[in-house]
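Presented below is the structure to which this report refers.
The values are calculated or read from the model by the stated rules, or taken from the named source; none is laboratory data. Note that the structure is predicted; figures quoted are calculated from it, not measured. Cβ placement follows ideal geometry from the backbone for every residue including glycine, while neighbour counts extend to all protein chains displayed. Accessible surface is based on the protein model in full, side chains and every heavy atom, while ligands, DNA and RNA are left aside. Shrake-Rupley method; radii C 1.70, N 1.55, O 1.52, S 1.80 Å.
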Amino acid sequence: MLQQKNLWVLLALINTIGLVGFNHLCHAEGKPHRILLDTDVDTDDVFALFYLLKLNRSRFGLEAVTVNTNSWTDAGHGASQIYDILYMMGRDEVAVGMGGEGGIAEDGHIFPDVGGFLPIVEQGSRKYSPLEQPTAQQVLTEKISAGPITVLITGAHTNIGVFLMNNPHLKNNIEHIYVMGGAVRSDGNLFADLYSNPFAEFNIFADPFAAYQVLHSGIPLTLVPLDATNTIPTNENFFKEFEQNQHTYEAQYCFRSLKMTRDTRPGDNFYTSHYMWDTFAVGVAVSAMRNSQNRDGENEFAEMEYMNITVMTSNEPFGISDSSNPFFYHREVPRFNLTKGGVHSGHVQTGLRDPLCFGENGKGRCQDGYTKEVSGAVAVRVLVATRAKPNPDRNSTLDRAFYKNFLDVLNDPQQSGRFNFTTQFPHYKEVLYRPDFGTKGLGKPVVFDMDMSVGDFLALFYLLKAPVEEINVKGIIVSPTGWANAATIDIVYDFLHMMGRDDIPVGLGDVFAMNQSDPVFPAVGDCKYLKAIPHGSGGLLDSDTLYGLARDLPRSPRRYTAENSVKYGAPRDTDHPELRQPLALEIWESIVRTLDPGSKITILTNGPLTSLAKIIQNENNISSVIREVYVVGGHISHGKTDKGNVPNIDLNDYTELNMFLDPLAAKTVFESSLDITLIPLGVQRRVSSFPEILERLRKMNTTPEALFTQRLLSRLYHLKETHHRYQHTDTFLGEILGAVVLAGNFSKLDPTFRVKPIKVLAEGVESEDGRIVIDEKQGRLVKIMEKVDLGAYYDLFTEQLRSKEQSAVIRSFDEQRRYWSVPLNLTKGFH
């Protein structure tokens, strides 16, 4: 899975609510333990989920999975993976909860269905579908209300913490909480040698406030911290034994994932630095439930000890209430009625390299998220796993008891997975569609730079439908610094497969805006600008799932993979390095090398300008290879009421979102020597009518791509008309305009342009960054589109989609399913 791009945003918080102990219900003898798993869908969480699904259902009943999406995964992809696993295992009855849009008011009031997209401090067949997906809080309420249940937490604590704060009357129904997380007597795992917090562990650090609520809830709790998981590494003997024991589909899936993790991990210390974190924690929990007659948590897999601990949510000295602490700073009454001068009122870590978190010796000293041993009123007595137990079979090569148990459970033929992808479809065959244009002369070479918003995909349809004699799409560059996460690149592959264009290469751009990745460890960084995109409804969640319709597209054999090779800087070759996902600059350089003599590239950008800025920095003479650039974005304000469209950012009223998402990249592009045509927000807004496009699409017999567009836009229009979270969706219609303008037809469009000297502000000031101003002295002359014939625009777009020329070669995933279920020649009738 791709690294979640907002993992290392500031994660911290504050709270106190006095919670008292409860007399908890005892587990009913003879009935299965009801289990709810709250997960962040990291790789080892997936192993843990398979482990739970394999258990004897007469004793252990997994009833629900809630997805926490503020650390290792994003909402859309995480929920889809859970649904796929449950389907594979024949467990579609297991409820899945994810997200929610309730929010938390300034005074601390928690609304129903608050989401788990961000830490609490930052809150303001089955598949995901907008407004129909059960939320995490709905599922938690339903399952916990039904009676005694055990909760397992293998990610950040946001979902459970919010639930406990909002539903104190239901705490009695939770028999026990098992937590994988924390570091009590061991070091944390936040790269302490690089950053300012050597004490915290990922899961607790992701939302310390929520973890504090869980720990101090009065519910019996068992902690499986790094102290214990550090004693059960994925060592070489276990790896080899696993490699030789893959007798079920789920065992094969888990081993392939583990092997990919090993093969792509930097250095040679995988066997001593990779651990069975969440999987081991779930094993300890299940063993403790199996042996519930033991009062002190004795189990088969871990040694246990009671400790008095708390979760640190701020740093001493307490009561300083600086600007890092949003629950006290400039507040007469602290949020959640927190105690002034209390343990939550100190400095809160404000980033990876918070200068206040380093001591005089240069070492980190912040403790946000630290599960710290303490005494007195703030201490909670918790059962803590301290180390993994040895394997009692001394003749075994597996030296930990849980190693053997995990492999036995995963390979048990009972309750095994029904199929993998190729056995589900007995006549599955990988087919790549490549067009044969014969003797046609190909038009101008075009590279499309997209951030995978809905409008971008519709623009892609248009470019692929334009006559190849006029538009020759040479490649696609994906910029995951905008409306969708990097993993959404699979939808791009599916679109191309549907249209018979598997010949078009796709390059993946940087996951951070310029100068936002960490200089020492660039896999992490800041999301100063990306935070403008909503994480839930109408934002990343819907873009990553194409508003719930992505699974309806034909499935391309081309997918994102973590496959890699030494040639491209990997520590070692994986099993299939030829499947490696190319990067944006690699695709660009390949296209440039294959240009015909004298040819130049036309670029259409529909998102942040991150990738184009990197291309400019990488090319010595950029004008020699780029003919012109069409930039869809930017806003030229004509007065106080003519505002931009950046959501969730206070005071930045006159900036367009694409420019804001990477202002330094925008500045780099507009200060270059390129011939740029700007298609700004003003003219985009004039062509953003759902009824105009939908009326035209409904008129006559049509193509698969036009039908899909009609379904997608009908869904967006309905959402816009019925829910406030979707009021911005007409913005995506304006994003199609760039593709239509690039294709020409000026005699019909009748566009009006004006050349103006413009300048992009990018000084690190959030209220100004990305704003375009007219600057007669320092501005760069750019051709700006001001008007277009609206009727002609709508006609051109819809008529192109309805044309039978260069139409889809396969309609949908359902059509593929039919082909894969019978012995047919898949290539018959196709390109």
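Would you confirm whether or not the range 531-553 contains a residue that is open to solvent by 60 Å² or more (accessible area, probe 1.4 Å) and not charged (D, E, K, R)? Break it down stepwise before answering.
Going through the range 531-553, the residues open to solvent by 60 Å² or more (accessible area, probe 1.4 Å) turn out to be 531, 551.
Now narrow it down to the ones that are not charged (D, E, K, R): none.
Within the range 531-553 (the criterion being open to solvent by 60 Å² or more (accessible area, probe 1.4 Å) and not charged (D, E, K, R)), the answer is no, since none of the residues qualifies.
Given the criteria in contact with a strand residue (DSSP E or B) (Cβ under 9 Å, 6 or more places away or on another chain), at pLDDT 95 or above and either open to solvent by less than 50 Å² (accessible area, probe 1.4 Å) or under 26 Å from Ile82 (Cβ atoms) (or both), does Leu464 qualify? Answer is yes for this residue.
Please verify whether the range 791-811 includes one or more residues that are surrounded by fewer than 15 Cβ atoms within 10 Å (Cβ to Cβ) and of a type in the set (A, V, I, L, M). Don't jump to the end; show me each part of the working.
Start the filter on the range 791-811 by keeping residues that are surrounded by fewer than 15 Cβ atoms within 10 Å (Cβ to Cβ), which leaves 791, 799, 804-805.
Restricting the remaining residues to those that are of a type in the set (A, V, I, L, M) gives none.
Within the range 791-811, not a single residue is surrounded by fewer than 15 Cβ atoms within 10 Å (Cβ to Cβ) and of a type in the set (A, V, I, L, M).
Selection of the range 33-70 for residues being surrounded by fewer than 23 Cβ atoms within 10 Å (Cβ to Cβ), part of a loop (DSSP other than H, G, I, E, B) and in contact with a Leu (Cβ under 9 Å, 6 or more places away or on another chain) yields only Leu55. Screening Gly644 on (1) open to solvent by 30 Å² or more (accessible area, probe 1.4 Å); (2) in a loop (DSSP other than H, G, I, E, B); (3) within 30 Å of Lys614 (Cβ to Cβ) shows it passes everything except condition (1). Residues considered: Gly633, Gly607. Of these, the only one that is surrounded by 23 or more Cβ atoms within 10 Å (Cβ to Cβ), among the small types (Gly, Ala, Ser) and under 19 Å from Arg780 (Cα atoms) is Gly633. Helices (runs of 4 or more DSSP H) fully within the range 658-766 that include at least 1 residues being over 24 Å from Leu540 (Cα atoms), hydrophobic (A, V, I, L, M, F, W, C) and open to solvent by less than 70 Å² (accessible area, probe 1.4 Å): 663-670, 681-686, 690-697, 704-722, 737-742, 746-749. Whenever a residue of the range 364-387 is within 11 Å of Asn308 (Cβ to Cβ), its partners that are among the aromatic types (Phe, Trp, Tyr), lying with C-beta atoms within less than 8 angstrom and at least six residues away or across chains, give the pairs Lys372/Phe199; Arg381/Tyr306; Val382/Tyr306; Val384/Tyr306.
Only one entry in Pro557, Pro519, Pro534, Pro597 is under 18 Å from Leu432 (Cα atoms) and outside any helix (DSSP H, G or I), namely Pro557.
Counting only residues that are surrounded by 21 or more Cβ atoms within 10 Å (Cβ to Cβ) and either part of a loop (DSSP other than H, G, I, E, B) or modelled with pLDDT under 90 (or both), the range 488-500 holds 1 of them. The one condition from (1) crowded, with 24+ Cβ neighbours inside 10 Å; (2) of a type in the set (S, T, N, Q); (3) farther than 28 Å from Tyr529 by Cβ that Asn472 does not meet is (1). Of the set (1) within 26 Å of the chain's Cα centre (by Cα); (2) open to solvent by less than 20 Å² (accessible area, probe 1.4 Å), all apply to Val446 but (1). Within the set Glu586, Glu619, Glu628, the sole residue that is open to solvent by 10 Å² or more (accessible area, probe 1.4 Å) and at pLDDT below 95 turns out to be Glu619.
Could you grab me the full set of residues in the range 430-462 that are β-branched (Val, Ile, Thr) and either at positive phi or not in a strand (DSSP E or B) (or both)? Give the steps one after another, and end with the answer.
Step one: list which residues in the range 430-462 are β-branched (Val, Ile, Thr), which gives 431, 439, 446-447, 454.
Once the filter is applied, which keeps residues that are β-branched (Val, Ile, Thr) and either at positive phi or not in a strand (DSSP E or B) (or both), the range 430-462 yields Val431, Thr439, Val454.
Taking the criterion of being in a loop (DSSP other than H, G, I, E, B) and buried (at least 23 other Cβ atoms within 10 Å of the Cβ), the residues of the range 300-323 that qualify are Phe301, Met312, Thr313, Ser314. Highlighted here are the helices (runs of 4 or more DSSP H) found entirely within the range 106-212 that include at least 1 residues which are charged (D, E, K, R), modelled with pLDDT of 85 or more and open to solvent by 10 Å² or more (accessible area, probe 1.4 Å): 136-145. State yes or no: is Ala401 under 23 Å from Thr222 (Cβ atoms), over 32 Å from the mean Cα position of the chain (by Cα) and open to solvent by less than 40 Å² (accessible area, probe 1.4 Å)? Here the answer is yes, as Ala401 does meet what is asked. Taken as a whole, the structure leaves Tyr819 outside the set of residues that are of a type outside the set (Lys, Arg), modelled with pLDDT of 95 or more and within 36 Å of the chain's Cα centre (by Cα).
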